[in-house]
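Report on one structure; see the data block that follows.
Please treat every number below as a calculation from the coordinates, not as lab data. Note that the structure is a prediction, hence the values are computed from the model and not measured. As a convention, Cβ positions derive from the backbone with ideal geometry for all residues, glycine included, and neighbour counts pool all protein chains shown.
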Amino acid sequence: MKVKEVADLVGISVRTLHHYDEIGLLTPEKTTDSGYRIYSDRNLETLQQILFFRELGFPLKKLKRS
């Protein structure tokens, strides 16, 4: 799935997904030659975990170390 599709599916912004990629928290499965981020089912599972722990108040730095 492309970044916009994932953002719409889970209800977060595209910028949030870009930020997660930039800090190495959620790296897309692949990036196309044109620069589109493509997320796999495994990425979506990881994102679901990230959002769950964020909801519980865990800081991103702590999630990245896990």
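Give the stretch 33-66 a look and list any residue that's closer than 16 Å to Val10 by Cα and of a type in the set (A, V, I, L, M, F, W, C), or say none.
Ile38, Leu44, Leu47, Ile50, Leu51, Phe52, Phe53, listed by residue number.
Do we have Ile50 as without any contact (Cβ under 8 Å) to a residue 60 or more places away in the chain and out of contact with any Phe, Trp or Tyr (no Cβ under 9 Å at 6 or more places or on another chain) here? Give the steps one after another, and end with the answer.
On the way: without any contact (Cβ under 8 Å) to a residue 60 or more places away in the chain: yes; out of contact with any Phe, Trp or Tyr (no Cβ under 9 Å at 6 or more places or on another chain): no.
Taking the combined requirement at face value, the residue does not satisfy it.
Quick check: is even one residue across the stretch 7-30 of a type outside the set (Lys, Arg), on the phi > 0 side of the Ramachandran plot and either under 12 Å from the mean Cα position of the chain (by Cα) or in a helix (DSSP H, G or I) (or both)?
From the stretch 7-30, those of a type outside the set (Lys, Arg) are 7-14, 16-29; that's our starting set.
Now restrict to residues that are on the phi > 0 side of the Ramachandran plot: 11, 24.
Retained after the next criterion (residues that are either under 12 Å from the mean Cα position of the chain (by Cα) or in a helix (DSSP H, G or I) (or both)): 11, 24.
The answer is yes; a qualifying residue exists.
Scan the stretch 12-45 for residues that are among the charged types (D, E, K, R) and touching a residue at least 24 places away in the same chain (Cβ under 8 Å) and jot them down. Steps first, answer last, please.
Within the stretch 12-45, the subset among the charged types (D, E, K, R) is 15, 21-22, 29-30, 33, 37, 41-42, 45.
Within the stretch 12-45, just Arg37 meets the criteria.
Looking at (1) under 22 Å from Phe58 (Cα atoms); (2) surrounded by 13 or more Cβ atoms within 10 Å (Cβ to Cβ); (3) of a type in the set (D, E, K, R), which is the one condition that is false for Arg15?
(2)
Considering only the stretch 34-66, how many residues are farther than 16 Å from His18 by Cβ, more than 12 Å from the chain's Cα centre (by Cα) and assigned to a loop (DSSP other than H, G, I, E, B)?
Within the stretch 34-66, residues that are farther than 16 Å from His18 by Cβ, more than 12 Å from the chain's Cα centre (by Cα) and assigned to a loop (DSSP other than H, G, I, E, B) number 5.
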